[in-house]
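Nothing in this text is a laboratory measurement; each read-out follows from the coordinates by a stated rule. If you're wondering where the values come from, they're calculated on a predicted model, not measured in any experiment. Cβ coordinates were reconstructed from backbone atoms using ideal geometry, including for glycine residues, and neighbour counts include every protein chain displayed.
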Amino acid sequence: MTDRFNPAVQILKDYGYDSAKLIPILQKIQDAYHYLPEDVMRFIANELKISPAKVYGVATFFAHFATTPKGKHIIKVCNGTACHVKGSSAIISAVKEKLKLKDGQETTADALFTLECVSCLGACGLAPVMVIDDTVHGQMTADKAAALIDEVVKAEASHGN
């Protein structure tokens, strides 16, 4: 076994290798790896003595699990009715352009950002809405979105990350 699985082993120990706790185990795995890598899911299945299909089924059923790598900073742009009517499409386009994301690409090449277009962020009164990490930004425009991304990039550069 490689060091790659060390976080998974510790998480499994913390949960007593209890397959009934698969969802919280996967949540901790995602926290440790920033997504659910396929090899780690197979390892979890083997260690919990359940089928890989069951682990994968749980991982793909719940929207908060990611089976592909995510960026350090998650940008969510609401494209629900209220936000769409108030111009969220232009914000999505501006963010994609700013991050140089191609069609079908969600995460930047440097893994600094992931863009997620979501159906609702529950802040319709602030439409259009964008969330960066856990901070909600209302009444967004394409220019404001680009400026917020610049702020994150600047903060990252000043921290040497």
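Brief remarks on what is shown
- Computed log₁₀ I(q)/I(0) - Debye formula, equal Cα scatterers, no solvent, the chain, q 0.14 Å⁻¹: -0.79
- To the nearest ten degrees, helix 52-61 and the longest principal axis of the Cα atoms of the chain are 20 degrees apart.
- Residues in segment 98-110 carry Karplus couplings, in order, of 4, 8, 6, 8, 7, 4, x, 8, 9, 10, 5, 4, 8 Hz; the curve used is 6.51 cos²θ - 1.76 cosθ + 1.60 with θ = phi - 60°, and Gly or Pro positions show x.
- Helix axis angle, 142-158 relative to the chain longest principal axis, alpha carbon, degrees: 50 degrees
- Distance-filtered residues of segment 47-64 - backbone nitrogen under 13 Å, label point 7 angstrom along Ser19 Cα→Cβ: 47-56
- Cβ screening of the chain for cysteine pairs under 4.7 Å finds these without a partner: Cys117, Cys120, Cys124.
- In this structure, the pairs whose alpha-carbon distance is over 31 Å, taken from Lys28/Lys144; Lys70/Lys154; Lys86/Lys154; Lys21/Lys76; Lys21/Lys154, are Lys28/Lys144; Lys21/Lys154.
- Environment charge at Pro128 (Cβ cut-off 11 Å; Lys +1, Arg +1, Asp -1, Glu -1): +2
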